[in-house]
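Read the figures in this text as sums done on the coordinates, not as results from a lab. Only a predicted model underlies this, so the values are computations on that prediction, with no experimental measurement involved. Reconstructed Cβ throughout: ideal geometry from the backbone, glycine too, with neighbour counts over all protein chains shown.
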Amino acid sequence: MLLRSLLLLFLAAAALPAAAQVVQGEKSGDWTKGCLKPRGDRPNAPEQCFVFQRLFPEGSEQAAATVAVGRPGPGKPLLASLTVPLGVNLPAGITVWVEGNEKAVRRPPLLFCVNAGCEANMRMDEVMLTAFKQHLTAVLSFTMVDGRQVGLPISLRGFTHALTFLE
């Protein structure tokens, strides 16, 4: 739930001047650390950090989706927040799978859609976390309302080190 709020703030930060500011930081491979700085009216709120990657269709310079991984609180398990474009076929949902690991497949439900896209969250259980650490590529796939199948590669290069940004 908190990660959903983090991502919404992340997506809204550019559009709303009063929203929390997203500060991008260190990079590890294809992952970037992002932190939400507290809004001016909540200066004592804790900073929330996550690692993220924007996903691009082949040959495009415009991101079509985002994967963000973070903890909703100290000692809480890692969660992945997946944002896909508007126009996704909601009943078909989305699939995340790690190439080379047939057990690392998840179909998190889409929770809601806003101007920035539609979102699903999934817990990074031991199977997915290990697969993300040990493999090079995952795929986020979904179907658009026009029936077009979309598969976006998620680079796992630098993911293990990027998790140290969250400690």
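Structure summary
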item	result
Any hit, region 157-166, residues being assigned to a strand (DSSP E or B), under 26 Å from Gly59 (Cα atoms) and touching a residue at least 12 places away in the same chain (Cβ under 8 Å)	no
Residue ID - farthest from Val139 (Cα to Cα), chosen from residues in region 22-63 that are among the small types (Gly, Ala, Ser) and either assigned to a strand (DSSP E or B) or within 12 Å of the chain's Cα centre (by Cα) (or both)	Gly25
Identity of the residue in region 115-155, among the β-branched types (Val, Ile, Thr) and assigned to a strand (DSSP E or B), that ends up farthest from Val84 (Cα to Cα)	Thr137
Residue check, Val150 surrounded by 15 or more Cβ atoms within 10 Å (Cβ to Cβ), within 15 Å of the chain's Cα centre (by Cα) and over 21 Å from Gln48 (Cβ atoms)	no
Region 74-114 - residue that is within 16 Å of the chain's Cα centre (by Cα) and part of a loop (DSSP other than H, G, I, E, B) and, of those, surrounded by the most Cβ atoms within 10 Å (Cβ to Cβ)	Leu78
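To keep it simple, each residue is scored yes or no on (1) under 24 Å from Val145 (Cβ atoms); (2) among the aromatic types (Phe, Trp, Tyr).
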position: Cys49; (1), (2): no, no
position: Phe52; (1), (2): no, yes
position: Phe56; (1), (2): yes, yes
position: Ala65; (1), (2): yes, no
position: Gly70; (1), (2): no, no
position: Ser81; (1), (2): yes, no
position: Asn89; (1), (2): yes, no
